[in-house]
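Participant: Attaching a single structure in structure tokens format; questions to follow.
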Amino acid sequence: MAYEKKLDLVSVAPNSKPPVCRIMDYGKYRYEMMKKEKEAKKKQKVISVKELRLTPNIEAHDLQTKANNAIKFLDNGDRVKVSVRFRGREMGHTEIGKEVLGDFVNLVSEHGVVDKKPKMEGRSMVMFLSPDTDK
């Protein structure tokens, strides 16, 4: 029947009893599936993670500049990874890093929320911010 209609005989469910086949134009079917996949890809939003590095003894203006960059990233819909890098004797004063991250959160609080609280990872204290969805 498929040969007479100049179409393809496609096995839909070969493992079932009895096997199920379908008569269709397989090239057209594949083309439509690829079109659907492309359309689905267009609609999905890719969220990237941007990283900002701070130091425990950062000046107020430098912190404000980094916060402005983070606000720009958050407004674009990206997540932001903020890390405070400790060097040498700074490792003994990790509470200063927590204060810096707290100040940073206060500066960007209108544009983003804390996703993961500050946590030590090796010589760095890391925190994640994500865009505020309530806007």
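Participant: Given the criterion more than 17 Å from the chain's Cα centre (by Cα) and in contact (Cβ under 8 Å) with a residue 12 or more places away in the chain, identify the matching residue among GLY97, GLY92, GLY77.
Facilitator: Selected residue: GLY97, the only one of GLY97, GLY92, GLY77 that is more than 17 Å from the chain's Cα centre (by Cα) and in contact (Cβ under 8 Å) with a residue 12 or more places away in the chain.
Participant: Of all residues in region 1-41, how many are in a loop (DSSP other than H, G, I, E, B) and surrounded by 13 or more Cβ atoms within 10 Å (Cβ to Cβ)?
Facilitator: 2
Participant: Taking ASP8 as meeting all but one of (1) under 29 Å from the mean Cα position of the chain (by Cα); (2) modelled with pLDDT of 85 or more; (3) among the charged types (D, E, K, R), write down the number of the exception.
Facilitator: Among (1) under 29 Å from the mean Cα position of the chain (by Cα); (2) modelled with pLDDT of 85 or more; (3) among the charged types (D, E, K, R), the lone unmet condition for ASP8 is (1).
Participant: In addition: Looking at region 113-133, can you tell me whether even one residue there is touching a Pro at 6+ places or on another chain (Cβ under 7 Å) and among the charged types (D, E, K, R)?
Facilitator: So far as region 113-133 goes, no, none of its residues is touching a Pro at 6+ places or on another chain (Cβ under 7 Å) and among the charged types (D, E, K, R).
The values are calculated or read from the model by the stated rules, or taken from the named source; none is laboratory data. On a predicted model such as this, the values are computed, not experimentally measured, just so you know. Glycine gets a Cβ as well: all are built from the backbone with ideal geometry, and neighbour counts include every protein chain shown.
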